[in-house]
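*Asks:* First the structure, which I've put down as structure tokens, then a few questions once you've had a look.
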Amino acid sequence: MKIAEVGNIVEFKEGLQGIVEKVNENSVIVDLTIMDNFHDLDMEEKTVVNHKRYKILNHPKEH
């Protein structure tokens with residue numbers, strides 16, 4: 001299982017997307033405000049997602 005890093009964009013729960021802000025032992029903290037329809041979803045800005053429950057969509061650009 002590949003674990004996301006800070007800055008990765010992940011997808012979970014049938015289409016929700018967010019940017020990883022913090023990596024914990026069993027989960028990541030994700031900022032959902034990057035989604036275009038965030039304000040329509042009536043959700044908190046951040047959520048916790050278990051490592052088993054997301055798919056990494058992209059990796060941060062390496063400098």
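*Asks:* Over the chain, calculate the relative contact order: mean separation of alpha carbon pairs under 8 Å at least 6 apart, over the residue count, as a percent.
*Replies:* It comes to 37 percent, rounded to a whole number.
*Asks:* Take the chain, connect every pair of alpha-carbon atoms lying under 10 Å apart with a spring to form a Gaussian network, then pick out the residue of L41, L32, L16 with the largest mean-square fluctuation.
*Replies:* L41
*Asks:* Continuing with the same structure: Per residue, how many Å² of accessible area does the chain show with a 1.4 Å probe?
*Replies:* On a per-residue basis, 76 Å².
*Asks:* May I pose another question? Report, largest value first, the span of the C-alpha coordinates of the chain along each principal axis, in whole Å.
*Replies:* Reported extents, whole Å, longest axis first: 31, 27, 18.
*Asks:* In the chain, carbon and sulfur make up what percent of the accessible area (probe 1.4 Å)?
*Replies:* Roughly 45 percent of what the probe reaches on the chain is carbon or sulfur.
*Asks:* Ok, one more. Calculated from DSSP H runs of 4 or more alone, at -39500 (n - 2.57) each and per residue, what is the 222 nm mean residue ellipticity of the chain, nearest 500?
*Replies:* Rounded to the nearest 500, it is -1000 deg cm²/dmol.
The values are calculated or read from the model by the stated rules, or taken from the named source; none is laboratory data. What you see is a predicted model; the values in this text were computed from it and never measured. Keep in mind that these areas ignore ligands, DNA and RNA; they rest on the heavy atoms of the full protein, side chains included. Shrake-Rupley method; radii C 1.70, N 1.55, O 1.52, S 1.80 Å.
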